[in-house]
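Notes for the one structure printed next.
The values are calculated or read from the model by the stated rules, or taken from the named source; none is laboratory data. It should be emphasised that the depicted structure is a prediction, and the values quoted were computed from it without experimental measurement. All Cβ positions, glycine included, derive from the backbone under ideal geometry; neighbour counts span all protein chains shown.
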Amino acid sequence: MKKRFVTFLLLLASASAFALEPFIVSDIRVDGLQKIAPGTVFNYLPVKVGDQIDDEIAKESVRALFKTGFFRDVRLEQEGTVLVVKVAERPSIASIEYVGNREIKDDDIKAAVAQIGLVEGRVFDRKVLDQVISELKKQYFVLGKYGAKITDTVTPLERNRVAIKLEFNEGETAKIKQINIVGNKEFDEDDLTDEFKLSPTAVFSFFTRKDRYSRQQLQADLESLRSFYQDQGYLDFRIESTQVTISPDKQDIFVTINISEGEQYTVTDFSVEGKMIIPEDDLVPLVSISPGGIYSRRDVAASEKAISDALANEGYAFAQVNAVPDVDQESRTVSFSIFIDPGRRVYVRRINIAGNNITRDEVIRREMRQLEGGWYSAQKVQRSRVRLERLGFFDNITIETPAVPGSPDQVDVNIEVVERQTGSLLFGVGWSDADGLLFQAAITQKNLFGTGKELDLSFDNSSVTDVLRLSYLNPYHTINGVSRGFTIFRRTVDASRANTASYLTETTGAGINYRFPFSEFNSLGAGLNAERVDLETTDETPPGIREFIDENPSNDLLTLLGFGSHDTRDSVLFPTRGNIHRLNYEVTVPGSDLEFFKLSYRGVRYWPISKTFTYKIGGELGYGDGYGDTNTLPFFKNFFAGGATSVRGYKARSLGPKDLGESPEPIGGDRRVLFNTELLFPLPGSTGKDKRFSLFVDGGQVYGPGQDIDLGEMRFSAGVAFNWYSPVGPLSLSIAEPLNDKPGDDIERIQFTLGRFFN
């Protein structure tokens, strides 16, 4: 049979070929396929059986098949009236390996290259691989690694496959050598660069990593610079240009920013217009714009948000509030019209809960202050989040309020939680600066069977104390939130090992307690304990205590316990805002073997001073005394100070009066004054909420009977602390330096506890 051969090249769409006499295709045969199905070729081939083919159609057919990317060679042959399509498939990708990449993880690379088309099992295309390498280099450039190199190795395998290996030499991250701002007249360059997160290399740059150049961070810093000027009234401020240059060795980066400050504007007036859902007299105080003051974009945005929040709390979740400026460039003044469009009032259709595999829905729903069927309130949704966080059952809580499709006046409240382990069977060893080595055994369930109830059976043994305790708490004993708890305990104390005067106590008791919430932030507590307290002396017991024990070796006490609390903190473990005021009382019922009372007040306030830093200040006052036949506060109920939970830097229980024995030891007192202030911030680089650092100043002192409260005798310390809510409980480490210690004070600069934070 006479054969004619026609070959076409993709590189030239109009490749030359000998003249092909047109013929009617009676059949089409495909040769050379290995993995690709013939149907795929037929699908892309513009010629069908029964069609007439000529030179132009043949060229178009070859171009169409090359365009699929499946083939590295395509030829058309004619055998009589049969069209023969001969192809050579491109190899498929058997594997892709990444070696040497540290800054960009394998999973991130795989996700990125998959979008481009470099995936195991697909046809290998050299152009796609080159595109992948180019994109990865861009990613390294964004990270400041301008010397990064990527070498590819393509290894042929059997069955027309290839293995791809990408080797990364990431190189060193280019560091910012200098940031120059040109055109500033009203502000010093140092004041302006203080607004930047990027900064030239300095002493602590290895820790902060602020000298690592990032294009995205530079854009964010430029926006911060623009905000700074506009907050100072420079409405016409412009960034004219930004130049980023790199040294020949690709290690140093120089940033130059050219700006035009413009003129400073002042505010003449503002008005509130639109539909007044809330009376205008109530809206005006929410406006931060001050007539006669300097224009500030921050104040404008804060005013819009404050009004939007006020409307959202009234159910207008989608209110539009826009402050429209009227700028007078000649007088350099600006006035504002604040337009309000409240939209429709919105109510909550449904509250949906997800992620709670253990915790029952009712436990979550009873903490919700936003109710189904009620008007939507942003404030109530936020308060609901705080209450859920305070339960301590969840590592993360996400609340979204999407609009209901087709219902412009409805939203759903979608709550998704990530549960944390609330039950544990613990056998462990801990340490406290106060009690030394601790041996613990406990069965604890903070969320018993998902009901929110607490059950705790524990045994703690240390050089100072042995405690066996069984407790149960139902936080919703009544439907309106009255809690009830029971406790049975046995406690022995060897005070001679506690850095205090020597004596022994053994206490056995049981109690019941209630908590009554009177409002969202206020509650009262009341309880009753029945105790038997047995006291013993040692060879080293000082005379005063020995005399008391001889007179009162065994004591039956009926004790009233309680508190009054005002608590607006946003979290129990790691608050960032709010305050707590708590008054505790402990008083024995008249007729008990010992008659005494103890009162203590604690107040703490938290201020968020930025997204990162929180300022805390607090203090505590304590007072106790005897009444009836008991002349003083019993020594084993004394207040103490010093240690990881009161005044860090001083040994536990070491501050205050000492006994009159041959080797005087701290004995505590009937009055206590404590002070604390801290700057709190999360662990740098950490995204979790379970770790926090602080810079602190502590102060405190204990005073005994007959002593005046002399604040000049208070001891102070300063230092740094680290708190971590670890899987085995709260862990705290502090390094403190006493500021005014005196001879005879017991100093302990490094203190560690497991089981309790400084509070």
Specify which of the listed residues (Gln230, Gln219, Gln243) is part of a helix (DSSP H, G or I), among the polar types (S, T, N, Q) and either in contact with a strand residue (DSSP E or B) (Cβ under 6 Å, 6 or more places away or on another chain) or buried (at least 19 other Cβ atoms within 10 Å of the Cβ) (or both).
-> Gln230
Check on Gly622, on the phi > 0 side of the Ramachandran plot and crowded, with 18+ Cβ neighbours inside 10 Å | no
Are any of the residues in segment 278-294 surrounded by fewer than 19 Cβ atoms within 10 Å (Cβ to Cβ), farther than 26 Å from Ser377 by Cβ, in contact (Cβ under 8 Å) with a residue 60 or more places away in the chain and aliphatic (A, V, I, L, M)?
-> yes
Out of all the residues in segment 546-586, which are of a type outside the set (Val, Ile, Thr), part of a strand (DSSP E or B), under 25 Å from Ser732 (Cα atoms) and within 27 Å of the chain's Cα centre (by Cα)?
-> Asp567, Gly578, Asn579, His581
Between residues in segment 136-155 that are of a type in the set (Lys, Arg) and residues that are surrounded by 14 or more Cβ atoms within 10 Å (Cβ to Cβ) and assigned to a loop (DSSP other than H, G, I, E, B), which pairs lie under 6 Å by C-beta distance while being six or more apart or on different chains?
-> Lys145/Glu170; Lys145/Gly171; Lys145/Thr173
Test Lys185 against the stated conditions and say whether it is outside the structural domain of Gly121 (by TED's automatic domain parsing), loosely packed, with under 14 Cβ neighbours inside 10 Å, free of Cβ contacts under 8 Å to residues at least 60 places away in the same chain and not aromatic (Phe, Trp, Tyr).
-> no
Any chance segment 261-268 includes a residue that's part of a helix (DSSP H, G or I) and of a type outside the set (Asp, Glu)?
-> no
Quick one: Ile96 ticks every box in (1) modelled with pLDDT under 85; (2) assigned by TED's automatic domain parsing to the domain that holds Arg159 except a single one, so which number is it?
-> (1)
Among (1) closer than 30 Å to Ala319 by Cβ; (2) within 28 Å of the chain's Cα centre (by Cα); (3) among the basic types (Lys, Arg), Arg212 falls short only on (1)
What are the residues in segment 71-105 that are assigned to a strand (DSSP E or B) and free of Cβ contacts under 8 Å to residues at least 24 places away in the same chain, if any?
-> Phe71, Arg72, Asp73
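Looking at Val587, Val533, Val604, Val572, which is the one that is farther than 25 Å from Thr630 by Cβ and either in contact with a Pro (Cβ under 9 Å, 6 or more places away or on another chain) or surrounded by 15 or more Cβ atoms within 10 Å (Cβ to Cβ) (or both)?
Val604
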Go over the candidates Ala148, Ala174 one by one and state the one that is under 30 Å from Ile93 (Cα atoms) and surrounded by 18 or more Cβ atoms within 10 Å (Cβ to Cβ).
-> Ala148
Counting only residues in segment 366-397 that are assigned to a helix (DSSP H, G or I) and among the aliphatic types (A, V, I, L, M), the one surrounded by the most Cβ atoms within 10 Å (Cβ to Cβ) is identified as Val381
Give segment 539-555 a look and list any residue that's exposed (fewer than 14 other Cβ atoms within 10 Å of the Cβ) and of a type outside the set (Gly, Ala, Ser), or say none.
-> Asp539, Pro543, Glu547, Asp550, Glu551, Pro553
Within segment 42-72, residues being under 22 Å from Asp125 (Cβ atoms), modelled with pLDDT of 85 or more, in contact with a Ser or Thr (Cβ under 9 Å, 6 or more places away or on another chain) and surrounded by 17 or more Cβ atoms within 10 Å (Cβ to Cβ) number 2
Which numbered condition Val123 misses (of (1) touching a residue at least 24 places away in the same chain (Cβ under 8 Å); (2) surrounded by 14 or more Cβ atoms within 10 Å (Cβ to Cβ); (3) closer than 21 Å to Thr242 by Cα) = (3)
With respect to Ile93, is the statement that it is crowded, with 20+ Cβ neighbours inside 10 Å and under 22 Å from Asp125 (Cα atoms) true?
-> yes
Is there any pair linking a residue in segment 475-486 that is aromatic (Phe, Trp, Tyr) to one that is surrounded by 15 or more Cβ atoms within 10 Å (Cβ to Cβ), with Cβ under 6 Å and at least six apart or on different chains, and which?
-> Phe486/Tyr472
Qualifying residue in segment 398-413 (condition: among the charged types (D, E, K, R), more than 30 Å from Leu235 (Cβ to Cβ) and not in a strand (DSSP E or B)) | no
Condition check for Thr612: surrounded by fewer than 18 Cβ atoms within 10 Å (Cβ to Cβ), assigned by TED's automatic domain parsing to the domain that holds Ser654 and either in a strand (DSSP E or B) or in contact with a strand residue (DSSP E or B) (Cβ under 9 Å, 6 or more places away or on another chain) (or both) = yes
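So that you can scan it fast, the table gives a plain yes or no per residue for (1) surrounded by 21 or more Cβ atoms within 10 Å (Cβ to Cβ); (2) not in a loop (DSSP other than H, G, I, E, B):
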| position | (1), (2) |
| --- | --- |
| Tyr316 | yes, no |
| Val327 | no, yes |
| Val348 | yes, yes |
| Asn352 | no, yes |
Within segment 284-331, work out how many residues are over 25 Å from Asp236 (Cβ atoms) and among the hydroxyl-bearing types (Ser, Thr, Tyr).
-> 2
Determine, yes or no, whether Val363 is touching a Ser or Thr at 6+ places or on another chain (Cβ under 9 Å), under 25 Å from Glu314 (Cβ atoms) and not in a strand (DSSP E or B).
-> no
Helices (runs of 4 or more DSSP H) completely within segment 106-202 that count 3 or more residues being modelled with pLDDT under 90 and out of contact with any strand residue (DSSP E or B) (no Cβ under 7 Å at 6 or more places or on another chain) | 106-116, 126-142
Taking Lys651, is it without any contact (Cβ under 8 Å) to a residue 40 or more places away in the chain and charged (D, E, K, R)?
-> no
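Which of the strands (runs of 3 or more DSSP E) found entirely inside segment 628-730 contain at least 2 residues meeting this: among the charged types (D, E, K, R) and assigned by TED's automatic domain parsing to the domain that holds Asp745?
671-682, 691-703
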